[in-house]
Amino acid sequence: MWLSKTLVVIAVMCSMSVVVHSSQAVMKDMTKNFIKAYEVCAKEYNLPEAAGAEVMNFWKEGYVLTSREAGCAILCLSSKLNLLDPEGTLHRGNTVEFAKQHGSDDAMAHQLVDIVHACEKSVPPNEDNCLMALGISMCFKTEIHKLNWAPDHELLLEEMMAEMKQ
């Protein structure tokens with residue numbers, strides 16, 4: 001009897017680690033695609049190089065984005081990918097589709113949207129849309145780290161650098 005219970009526990013733990021790995025892979029792929037439009041946004045908003053460095057370090061645990069320009073970059077990137085509705089809040093349908101295009105299943109895609117919506121509600125209102133985006137992004141990052149879905153920061157940077165060399 002204890003053997004069958006142990007096997008069930010091991011099977012559940014193994015399936016959980018697969019979900020975490022695939023969730024991290026989905027987040028990595030979404031991030032890589034998200035950042036691809038950065039150069040366009042940097043020109044549009046006249047962003048300094050420091051904003052790019054902040055965005056590139058987004059998933060680094062303990063790293064806090066603080067500059068308004070990083071918030072502007074995130075806002076611009078979200079807009080370029082049609083993730084925002086006309087009011088500037090997250091567009092549920094487009095965001096779900098974006099997540100699914102990067103390997104997310106339906107449940108994860110909806111959970112990601114729910115996290116962003118909760119962050120939109122939890123961050124104090126700010127008339128500066130860039131600072132508002134920065135606050136929402138940092139909330140999102142915190143929640144994704146809690147789920148252990150954050151991509152490996154070093155691996156993400158290595159892959160992006162390799163893609164840039166091609």
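The values are calculated or read from the model by the stated rules, or taken from the named source; none is laboratory data. This one's a predicted model, so the numbers in the text were calculated from it and none came from an experiment. Ideal geometry is used to build each Cβ from the backbone, glycine not excepted, and the neighbour counts take in all protein chains shown.
Things worth noting here:
- If you check Gly52, Gly88, Gly93 for being surrounded by 15 or more Cβ atoms within 10 Å (Cβ to Cβ), farther than 16 Å from Glu143 by Cα and small (Gly, Ala, Ser), only one passes: Gly52.
- Filtered residue count, the stretch 29-42, keeping only those that are charged (D, E, K, R) and closer than 9 Å to His102 by Cα: 1
- Only residues that are touching a residue at least 60 places away in the same chain (Cβ under 8 Å) and either assigned to a helix (DSSP H, G or I) or of a type in the set (S, T, N, Q) (or both) were counted across the stretch 102-117, and they come to 2.
- In the stretch 120-142, of all residues being of a type in the set (D, E, K, R) and touching a helix residue (DSSP H, G or I) at 6+ places or on another chain (Cβ under 9 Å), the one that is surrounded by the most Cβ atoms within 10 Å (Cβ to Cβ) corresponds to Glu120.
- Just one residue in the set Glu127, Glu143, Glu120 is outside any helix (DSSP H, G or I) and either closer than 16 Å to Thr89 by Cα or not small (Gly, Ala, Ser) (or both); that residue is Glu127.
- Criterion: in contact with a Pro (Cβ under 8 Å, 6 or more places away or on another chain) and touching a residue at least 40 places away in the same chain (Cβ under 8 Å) - qualifying residue of Met138, Met132: Met132
- Residues of the stretch 1-51 that turn out to be over 30 Å from Asp105 (Cα atoms), part of a helix (DSSP H, G or I), at pLDDT 50 or above and not charged (D, E, K, R), as a count: 4
- Residues of the stretch 52-88 that are touching a helix residue (DSSP H, G or I) at 6+ places or on another chain (Cβ under 8 Å), in a loop (DSSP other than H, G, I, E, B) and more than 15 Å from Pro151 (Cβ to Cβ): Val64, Leu65, Thr66, Ser67, Leu81, Asn82, Leu83, Gly88.
- Exclusive hit being surrounded by 13 or more Cβ atoms within 10 Å (Cβ to Cβ) and touching a strand residue (DSSP E or B) at 6+ places or on another chain (Cβ under 9 Å), set His145, His117, His110, His153: His117
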